[in-house]
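Chemist: Got a structure for you, questions after.
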Amino acid sequence: MLIESQPDLRFVGEAGDGAEALRVAAESRPEVILMDLRMPVMNGVIATAKLLADAGPEDPPKIIALTTFKQDKAIVDAMRAGASGYLLKSAEPEFLLATIRTVHRGHAVIAPEAAAAFFDRLIGAGNESAPDLSSISMLSGREQEVFFLVARGLGNVEVARELFLSEATVKSHVRSTLFKLGLKSRVQIVAFAYQHKLID
């Protein structure tokens, strides 16, 4: 009802478990999927990984993970599987709609009230090791510049403005960076940067 109430959004299907989600997605080809992480038959993390693997590199669906708990290990697993963001099920309707639109545009969204717990779990609280610069040594100088700006949360337009590049060039660098690092989404760049102590 919420999605259908919006003139720019269309509801195309729902599923009761992860296996059914794969079938529904194959039939309806959604652009954005709200994926519950705790489901019977096949959980949302596995379903996310399979959906993105089956979709191939061209226009895969954007997946927003949904969970009840702020400190849910499955959140980190879903991000590693390629989800573009996550929300708590208690999110306000306006924030849910804004997240769908933001993720559709290619940006990542992390539930603000659960972000601290997410990054603590991701990098391990109290881990004070030095930045691992070797983790991005395969990136060109320009790709590293793009990497750090994306890791700070800048969108393509902002990165282009910062580096005096065209937006198309930035998109190309982001794609190349994702490929070289074996990542699937911008939120994984943020996670990668935190894991390797490249940003704090």
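Chemist: Filter segment 129-142 down to residues that are surrounded by fewer than 15 Cβ atoms within 10 Å (Cβ to Cβ) and over 11 Å from residue 193 (Cα atoms) and give me whichever is modelled with the highest pLDDT. Steps first, answer last, please.
Modeler: Initially, segment 129-142 is screened for residues surrounded by fewer than 15 Cβ atoms within 10 Å (Cβ to Cβ), giving 129-134, 137-138, 140-141.
Now narrow it down to the ones that are over 11 Å from residue 193 (Cα atoms): 129-130, 134, 137-138, 140-141.
Details: 129: 64, 130: 71, 134: 85, 137: 88, 138: 92, 140: 89, 141: 87.
My answer is 138.
Chemist: Considering only segment 126-167, state which residues are of a type in the set (Gly, Ala, Ser) and part of a helix (DSSP H, G or I).
Modeler: Step one: list which residues in segment 126-167 are of a type in the set (Gly, Ala, Ser), which gives 126, 129-130, 134-135, 137, 140-141, 151, 153, 155, 160, 166.
Across segment 126-167, the qualifying residues are 134, 135, 141, 151, 160.
Yes/no per residue for (1) small (Gly, Ala, Ser); (2) surrounded by fewer than 18 Cβ atoms within 10 Å (Cβ to Cβ); (3) under 22 Å from residue 182 (Cβ atoms):
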site	(1), (2), (3)
24	no, yes, no
42	no, yes, no
50	no, yes, yes
63	no, no, yes
86	no, no, yes
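Chemist: While we're on this one: Which count do you get for residues in segment 152-180 that are crowded, with 19+ Cβ neighbours inside 10 Å, within 21 Å of residue 109 (Cβ to Cβ) and in contact with a Leu (Cβ under 9 Å, 6 or more places away or on another chain)?
Modeler: 3
Chemist: Any idea how many residues of segment 168-200 are assigned to a helix (DSSP H, G or I) and charged (D, E, K, R)? Don't jump to the end; show me each part of the working.
Modeler: Start the filter on segment 168-200 by keeping residues that are assigned to a helix (DSSP H, G or I), which leaves 168-181, 186-195.
Still in the running and charged (D, E, K, R): 171, 175, 180, 186.
Residues in segment 168-200 being assigned to a helix (DSSP H, G or I) and charged (D, E, K, R): 4 in total.
Chemist: Taking the condition of being modelled with pLDDT under 75 and aromatic (Phe, Trp, Tyr), how many residues in segment 81-128 meet it?
Modeler: Of the residues in that region, 2 qualify.
The values are calculated or read from the model by the stated rules, or taken from the named source; none is laboratory data. Just so you know, these numbers come straight off a predicted model, no measurement behind them. Every residue, glycine as well, gets a Cβ built from its backbone with ideal geometry; the counts of neighbours run over all protein chains shown.
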